[in-house]
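Here is the structure we will look at, set down as structure tokens.
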Amino acid sequence: MSVSSTWIQGQQHPALEGIVANFARDDADIEWDATSVVFDGWDGIFVARLQEGESRVRISVLFYEPAHEDALSDASIEDWFNRQPLPYASVLALGHAADDLDGITVWPRLRFERSVDNLQLMGITSDVSAFADAWDSGGIAEPPRAGYLDVGDPTDERPRAAWIFIGSEASYPEPEELDDSRQKGGVGLYDLQWTAPKNADVGDLALVYFLAPRKAACFVARIASRPFLETGVERSPDDEFDPNQWWCYLTPLVEIEPIAYEELKAATDGHLLLRGKGGKYLSPRAIARLTFTAARVDEQGLVDRITQVPEGPVELPAIVDIDLPTWSSIPAGMLAVEARVEDYIVDPLLGFVNERRGDARVPLPRLVPERQFRLARRIVDYAILCDGIPLGAVEVKLSLRRPVGGEWMTSPDFRQVRAYMDEMDVPGLLVDSRSVWLVPRGAEAPSYAFERARMTDADLTAIVDLIFDQAYEVFGGTAGIVGR
């Protein structure tokens with residue numbers, strides 16, 4: 001199981017723990033918060049933090065003051081920086097100096113970024129050592145140039161869904177921006193943000209379409225993070241979009257021969273309405289009908305890798321045919337509204353729980369999920385009933401609004417399910433198009449989480465135990481419940 005599947009915000013993230021274990025000095029002071037950690041390494045100060053969307057972790061290494069510190073000035077630092085070769089596994093950058101360095105405003109650092117699902121730290125130690133030594137002596141670094149670099153590139157896997165992302169002429173990238181993004185992307189730094197559909201997923205294909213005067217898809221990329229919500233986005237008076245927008249990171253844009261609106265429309269059998277900025281879902285059938293030609297001949301191989309036809313089904317399966325493998329394989333992109341999450345995700349999931357109820361430590365009669373269950377003051381999306389008694393509450397979202405700074409009570413979606421749980425005095429589930437969170441009765445954070453596409457038997461057992469342990473307390477060993 002991936003580390004992102006098991007991490008609960010408010011705990012120390014396994015990827016951050018791994019970075020500390022690999023690079024912290026034995027006597028290091030370690031400062032944690034919910035999404036980042038700062039500590040002393042042997043060659044510099046490490047700052048590691050989860051990127052928005054929590055799919056990748058970014059590491060910055062700020063070098064210590066060098067042996068030749070008496071000669072330091074902004075000009076000498078910039079001169080040293082300009083003489084260095086490209087690193088092997090990172091990006092060398094100049095950032096703001098620490099406040100206690102009089103007269104110096106810039107300071108060198110290395111920046112890395114890796115996927116939390118398969119955290120590969122190769123190349124970091126050798127890059128840091130090479131450039132830290134050069135910085136200390138005022139010389140030129142000799143970074144390694146060997147081996148395959150695994151940065152968790154989303155283009156390495158086939159996409160699960162495809163989208164049209166929409167941009168205005170003002171957002172059309174300049175050639176130097178593309179080159180800079182490509183250089184960073186080569187070592188795994190993905191810093192291009194775009195407004196996104198809230199139910200997109202890591203690895204999904206993005207066709208970047210520009211409105212008039214171009215009216216064409218001009219670039220392709222892959223989604224590099226789960227979407228995340230940002231509020232209070234500035235907008236001009238003539239913009240009509242919601243200032244509370246969902247965003248994601250993209251891999252570097254690769255230019256293609258423009259695909260005009262009419263061609264895109266034909267590929268969707270005439271069903272293509274491009275409004276708003278959140279992205280439009282494209283079926284695997286539509287992608288298979290399009291031809292993607294790289295604007296640069298030498299990038300055709302890259303374009304072919306990016307624009308693979310998504311592996312998801314062309315249409316949603318019949319609900320009666322949904323077994324566990326089918327359920328796990330339904331792309332989040334096909335679930336356009338919460339009602340579809342209920343039909344295709346929650347109903348089958350509760351069916352799987354019923355099938356497993358005999359494995360629980362406290363066996364029960366069959367559970368009966370009831371939608372739109374009316375409470376005294378609220379209506380909950382689902383109540384999980386047994387002999388008419390509620391044993392659990394389920395809140396359904398298209399995409400969960402994640403907590404701020406790791407405090408789950410800052411998430412309105414978490415507060416909502418807690419309100420239902422408190423009124424019913426039961427545990428709860430938060431379910432969206434991609435993931436499931438388990439919330440014990442009275443808890444201020446989930447106790448367990450998993451991604452639907454990677455669901456395991458252990459994940460299903462955790463749900464069974466959450467519901468049935470609570471049931472034993474409710475029934476007190478009666479109503480057909482026998483303690484083992």
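Rounded to the nearest 20 debye, the dipole size of the chain about its Cα centre is 2160 debye, using +1 on the Cβ of Lys and Arg and -1 on the Cβ of Asp and Glu.
Between residue 402 and 229, the built amide H atoms are under 5 Å apart, and every one of these is 5 or more places off in sequence or on another chain.
At q = 0.08, 0.10, 0.11, 0.12 Å⁻¹ the log10 of I(q)/I(0) for the chain amounts to -0.58, -0.86, -1.00, -1.13, computed by Debye summation with a single uniform scatterer per C-alpha, solvent ignored.
Stick to Cα atoms and the Kirkwood definition of Rh, then tell me Rg/Rh for region 270-379. Using only Cα positions, Rg/Rh for region 270-379 is 1.14. As a length-normalised measure over Cα pairs under 8 Å and 6 or more apart, the relative contact order of region 179-222 settles at 27 percent. In sequence order, region 130-145 has phi-based couplings of 5, 7, 5, 5, 5, 5, 5, 9, x, x, 10, 6, 10, x, x, 9 Hz under the Karplus curve 6.51 cos²θ - 1.76 cosθ + 1.60, θ = phi - 60°, and Gly or Pro positions carry x.
Across region 280-328 the C-alpha pair distances fall into 10 Å bins from zero in the proportions 22, 37, 26, 13, 3 percent.
Cross-link partners for residue 397 among the lysines, with Cα-Cα distance under 21 Å and sequence neighbours closer than 8 places in the same chain left out: 198, 277, 280. Size of region 339-414 from its Cα atoms: along the principal axes, largest to smallest, the extents are 40, 29, 25 Å. Only one residue of 151, 93, 200 has its Cα farthest out toward the positive end of the dipole of region 66-201, where Lys and Arg carry +1 and Asp and Glu -1 on Cβ, and that residue is 200.
Of the beta bridges DSSP finds with both residues in the chain, what % are antiparallel, to the nearest 5?
Details: 71 of 82 bridges.
Taking every DSSP beta bridge with both residues in the chain, the antiparallel ones total about 85 percent.
Each semi-axis of the equivalent ellipsoid for region 74-220 is √(5λ) with λ an eigenvalue of the Cα gyration tensor; in descending order they amount to 34, 20, 13 Å. For residue 106, the residues whose amide H sits under 5 Å from its own are 97, ignoring neighbours fewer than 5 places away on the same chain, with H placed 1.01 Å from N.
Each Lys and Arg adds +1 at its Cβ and each Asp and Glu adds -1 at its Cβ; summed about the Cα centre, region 49-135 shows a dipole of about 520 debye. Here region 5-153 is assigned +1 on the Cβ of each Lys and Arg and -1 on the Cβ of each Asp and Glu. Its dipole about the Cα centre then comes out at about 680 debye.
Can you give the extra length, in nm with one decimal, that the chain gains between residue 319 and residue 76 once fully stretched, where that is 0.36 nm per residue apart less the Cα-Cα distance? All intermediate terms of the calculation are to be shown ahead of the outcome.
Working: separation 243, 0.36 × 243 = 87.48 nm, distance 6.69 nm.
Between residue 319 and residue 76, full extension yields 80.8 nm more.
Spacing of the modelled spin labels on residue 182 and residue 229, each 7 Å from Cα toward Cβ, amounts to 3.8 nm. Backbone phi angles across region 451-458, fed through the Karplus curve with coefficients 6.51, -1.76 and 1.60 (θ = phi - 60°), yield HN-Hα couplings of 8, 4, 5, 10, 4, 10, 4, 5 Hz in residue order; Gly and Pro are listed as x.
Packing, as the average of other Cβ atoms within 10 Å across residues, places the peptides 153-160, 286-293 in the order 153-160, 286-293, highest first. All Cα-Cα separations within region 57-113 were binned at 10 Å from zero, giving a P(r) of 21, 56, 21, 1, each value a whole percent of the pairs.
Near the amide H of residue 450, within less than 5 Å, lie the amide hydrogens of 436, all on another chain or at least 5 residues away, with H placed in the peptide plane.
No lab work stands behind these numbers, since they all come straight from the coordinates. Fair warning: this is a prediction, and the values are worked out from it, not measured in the lab. Cβ atoms come from the backbone with ideal geometry, glycine included; neighbour counts cover every protein chain shown.
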